[in-house]
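In what follows, a single structure is set out as structure tokens and then discussed.
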Amino acid sequence: MPIRCNVCNKSATLKRPKTGDALCKDCFYYAFEEEIHKTITDANLLTKGETVAIGASGGKDSTVLAYIMKLLNDRYNYGVKLVLLSVDEGITGYRDDSLETVKRNQVQYDLPLKIISYEELYGWTMDAIVKQIGLKNNCTFCGVFRRQALDRGALLLGVDKIATGHNADDIAETVIMNVLRGDIGRLRRCTAITTGTDGALPRCKPFKYTYEKEIVMYAYFKNLDYFSTECIYSPNAYRGFARAYIKDVEKIRPSAIIDIIHSGESLSVKKEVRMPVQGVCERCGYISSNKVCKACVMLEGLNKGLPRLGIGKTHKERRKMEEMLSERGSNSGSLSDMASLDSALSTTDQGCDMSSFDSDQSLNSNAESSCRHSISDQSKCCNNERHASCCGDRNCVTIEKITIFDKKVDQKVIDF
Amino acid sequence: MYFSGGAELLFDKKKKHDVNLPAKETPWTIKDLLPWMKDNMLKERPELFIQGETVRPGILVLINDADWELMGELDYSIQNKDKIVFISTLHGG
């Protein structure tokens with residue numbers, strides 16, 4: 001005897017993990033779409049006239065996200081312009097295949113697509129990095145580089161914000177991982193539906209309350225074209241364990257996922273806990289809690305044949321970096337290396353947060369958003385002990401860098 | 001039987017399998033089917049598909065395009081020409 005839909009009494013096709021309701025296909029579509037619409041409107045994720053880049057990997061979450069965003073934008077007249085933005089990490093046999101899926105999505109959903117590669121941003125593909133570092137810490141590189149890559153790609157496109165397909169299961173995993181690592185700074189940030197409003201481009205997660213099971217079921221019933229394979233380098237990733245744990249818990253009590261997110265949201269951090277102060281990387285201008293951001297440290301390590309730089313304990317890594325910087329000052333022999341690093345970085349930094357310091361040369365499309373960032377960066381910089389006396393100085397340096405970047409930007413033609 | 005979402009990687013990288021189950025005195029249930037699949041169909045790493053007597057959490061099962069959670073899960077009696085789908089959600093994108 002088939003179970004009936006709780007809403008319309010037709011034959012039910014799935015049990016919703018969040019509510020336990022049995023629903024038929026049509027009632028499920030309706031509930032799924034309306035919930036995401038409610039998430040978007042309740043949290044004011046979108047504003048009319050904005051351009052939103054959808055971080056698109058070709059996987060289930062981003063494929064469904066692109067489909068849903070387009071559908072809801074049309075249905076509810078959000079008035080936003082959507083573009084697909086993909087990062088090519090340079091992993092043969094993995095990303096090249098999934099990018100084919102994104103290219104098909106581009107046609108299917110009639111959305112513009114931009115692919116930005118690690119190679120063009122950093123001068124290194126993940127394949128080349130793995131050759132250097134091996135399979136143990138490669139995911140650290142990839143994660144750090146990907147976060148920046150999406151932002152830089154988005155700045156290149158001149159979009160106002162990024163939407164990613166992180167779902168409720170992903171966020172619950174992240175909460176657990178941050179608890180296990182004692183990473184209080186991230187623990188506090190990771191449940192926010194919008195992040196990066198204080199520096200880099202804002203990012204939002206329309207699927208924050210959407211279960212992975214429902215996303216997969218939706219994609220299956222709607223016959224959406226997505227790509228699924230394990231990253232060929234990822235079997236050692238820490239997240240895999242958190243993921244398996246979350247799924248085990250979900251099996252016993254499906255509401256656990258939303259409950260873990262709720263726990264994360266409700267945590268308050270004691271005043272005495274020292275939180276990392278967010279500033280900007282003095283080398284590339286990207287948001288960072290250290291003088292030099294993790295990506296620059298890692299890149300420096302790769303380019304200098306010390307790939308482990310940037311992995312492991314922070315104080316160790318910073319000491320090495322400082323040694324290196326002092327070496328840079330005294331030893332002219334290393335200057336060529338630095339020059340190559342700088343040039344690699346300069347090609348990536350067209351969308352540097354500080355670009356508005358040189359406003360007449362900055363990209364029109366970026367000017368408005370960059371302006372807002374620079375103001376917040378500046379005030380943050382002054383609040384920050386480390387930079388308390390250096391604002392003027394630092395801006396000078398930045399302007400010099402930006403001039404170089406903007407020349408590159410002018411030449412760059414962004415075509416969808 | 002259909003496999004997707006990455007589950008097909010454990011089954012010869014083929015998404016569609018036509019399966020004839022051997023005759024049995026009692027009706028075949030999903031509970032009987034899983035160990036049979038493990039012995040006869042799984043090509044690699046059975047722990048990624050089976051956990052204890054059931055499928056690994058994170059693998060969705062659909063019977064004739066309906067969530068198996070509505071069909072009695074392991075106790076469902078398999079009928080002739082049933083379509084059983086296994087979708088992994090554990091693979092990234």
Those residues of segment B:37-62 which are facing another protein chain (nearest Cβ under 8 Å) and in a loop (DSSP other than H, G, I, E, B) amount to B:Arg56, B:Pro57, B:Gly58
Residue hits (segment A:10-36; surrounded by 17 or more Cβ atoms within 10 Å (Cβ to Cβ), of a type outside the set (A, V, I, L, M, F, W, C) and within 10 Å of chain B (Cβ to nearest Cβ)) are A:Thr13, A:Lys15, A:Arg16, A:Pro17, A:Lys25
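So that you can scan it fast, the table gives a plain yes or no per residue for (1) facing chain B (nearest Cβ under 7 Å); (2) touching a residue at least 12 places away in the same chain (Cβ under 8 Å):
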residue	(1), (2)
A:Pro206	no, yes
A:Val216	yes, yes
A:Val249	no, no
A:Ile258	no, yes
Hey, can you tell me all the residues within segment B:50-80 that are buried (at least 19 other Cβ atoms within 10 Å of the Cβ) and either in contact (Cβ under 8 Å) with a residue 60 or more places away in the chain or at positive phi (or both)? B:Gly58
For segment A:136-159, how many residues meet the condition of being touching a helix residue (DSSP H, G or I) at 6+ places or on another chain (Cβ under 6 Å) and not in a helix (DSSP H, G or I)? 1
Give segment B:63-80 a look and list any residue that's part of a strand (DSSP E or B) and within 7 Å of chain A (Cβ to nearest Cβ), or say none. B:Ala66, B:Asp67
Tell me yes or no: at least one residue of segment A:136-146 is aliphatic (A, V, I, L, M) and without any contact (Cβ under 8 Å) to a residue 60 or more places away in the chain. no
Regarding segment B:4-11, can at least one residue be identified that is in contact (Cβ under 8 Å) with a residue 12 or more places away in the chain, farther than 17 Å from A:Ala219 by Cα, within 14 Å of another protein chain (Cβ to nearest Cβ) and loosely packed, with under 12 Cβ neighbours inside 10 Å? no
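Criterion first (at pLDDT 90 or above, of a type in the set (A, V, I, L, M, F, W, C) and not assigned by TED's automatic domain parsing to the domain that holds A:Ile287) does A:Ile133 satisfy it?
So A:Ile133 fails the test.
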Residue check: is B:Leu33 crowded, with 16+ Cβ neighbours inside 10 Å, at negative phi and at the interface with chain A (Cβ under 9 Å from one of its Cβ atoms)? no
Being more than 18 Å from the chain's Cα centre (by Cα), among the aliphatic types (A, V, I, L, M) and more than 17 Å from A:Leu224 (Cβ to Cβ) is the filter here, so list the residues in segment A:50-90 that pass it. A:Val80
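Identify, from the list A:Tyr78, A:Tyr109, the residue that is closer than 23 Å to A:Ala43 by Cβ and among the aromatic types (Phe, Trp, Tyr).
A:Tyr78
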Is there any pair linking a residue in segment A:50-73 that is closer than 21 Å to A:Ala149 by Cα and modelled with pLDDT of 95 or more to one that is outside any helix (DSSP H, G or I) and of a type in the set (Lys, Arg), with Cβ under 6 Å and at least six apart or on different chains, and which? A:Thr51/A:Lys81; A:Val52/A:Lys161
Residue check for B:Lys83: modelled with pLDDT of 95 or more, within 13 Å of chain A (Cβ to nearest Cβ), surrounded by fewer than 17 Cβ atoms within 10 Å (Cβ to Cβ) and within 13 Å of the chain's Cα centre (by Cα): yes
Return the total of residues in segment A:37-46 being touching a residue at least 60 places away in the same chain (Cβ under 8 Å) and either of a type in the set (Ser, Thr, Tyr) or within 14 Å of another protein chain (Cβ to nearest Cβ) (or both). 1
Mind telling me which of the residues A:Thr51, A:Thr63, A:Thr47 ends up being touching a Leu at 6+ places or on another chain (Cβ under 7 Å) and closer than 21 Å to A:Lys161 by Cβ? A:Thr63
Condition (residue is at pLDDT below 85, among the basic types (Lys, Arg) and under 20 Å from A:Val64 (Cβ atoms)) applied to segment A:93-108: is it met by at least one residue? yes
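The values are calculated or read from the model by the stated rules, or taken from the named source; none is laboratory data. Given the structure is predicted, the values throughout are model-derived calculations rather than measurements. Here Cβ is always computed from backbone atoms with ideal geometry, including for glycine, and neighbour counts include all displayed protein chains.
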